[in-house]
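Trainee: Pasting a structure below so you can have a look.
Every number in this text was worked out from the coordinates using simple rules, so none of it is lab data. Nothing here was measured: the structure is a model prediction, and the numbers come from that model. Here the Cβ is made from the backbone with ideal geometry for all residues, glycine too, and neighbour counts use every protein chain on show.
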Ligand SMILES: [Zn+2]
């Protein structure tokens, strides 16, 4: 059971709470799969995603409330953040490739 479905947490919209690195990492992985630059099997994609995210600091935002002050794009479109996400995914995928679970 998802703990978010448990009372009293089920009255809150946790879908608005996102780790911004997850957005960037998933975009990098989607691009790599489309360009056939990585194995697209379930194990490799999820392992790479988890490893990459574990190597990056958590960066949670609450979408909606403060968008006017700090739009999410200011994080996801920052070229330094995009580059850090790409490096994290490439490093993670190298580890997965060396010891794939597929
Ligand atoms: Zn694979």
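Trainee: Please give the calculated 222 nm ellipticity per residue for the chain, where each DSSP H segment of at least 4 residues contributes -39500 (n - 2.57) and the sum is spread over every residue; nearest 500 deg cm²/dmol? Present the calculation step by step, with values, prior to reporting the outcome.
Mentor: On the way: 4 runs with 53 residues, N = 102.
Rounded to the nearest 500, it is -16500 deg cm²/dmol.
Trainee: Now a separate question. How much length is gained on full extension from residue 26 to residue 40, taking 0.36 nm per residue of separation minus their Cα-Cα distance?
Mentor: Working: separation 14, 0.36 × 14 = 5.04 nm, distance 1.28 nm.
Value of the extension gain: 3.8 nm.
Trainee: Once the Cα atoms of helix 20-34 and of the chain are each reduced to a long axis, what angle between those two axes, in degrees from 0 to 90 to the nearest 10, is obtained?
Mentor: With rounding to tens, the tilt is 40 degrees.
Trainee: May I ask for the angle, rounded to the nearest 10°, between helix 42-55 and the longest principal axis of the chain, with both axes built from Cα atoms and the value confined to 0 to 90°?
Mentor: Taking Cα atoms only, the helix is inclined about 70 degrees.
Trainee: So how much slack lies between residue 33 and residue 13, counting 0.36 nm per residue of separation and subtracting their Cα-Cα distance, in nm?
Mentor: That works out to 4.1 nm of additional length.
Trainee: What percent does the relative contact order of the chain come to when contacts are Cα pairs within less than 8 Å and at least six residues apart? The partial results should precede the final answer.
Mentor: Values: 88 pairs, mean separation 40.7, N = 102.
It rounds to 40 percent for the chain.
Trainee: Kindly rank 6-12, 23-29 from highest to lowest mean number of other beta carbons found within 10 Å of each residue.
Mentor: Details: 6-12: 8.6, 23-29: 20.4.
So the order, starting with the most tightly packed, is 23-29, 6-12.
Trainee: Over the Cα atoms of the range 17-98, each weighted equally, I'd like the Debye log10 I(q)/I(0) at q = 0.12, 0.23, 0.24 Å⁻¹, rounded to two decimals.
Mentor: With one equal scatterer per Cα and no solvent, log10 I(q)/I(0) is -0.35, -1.04, -1.10.
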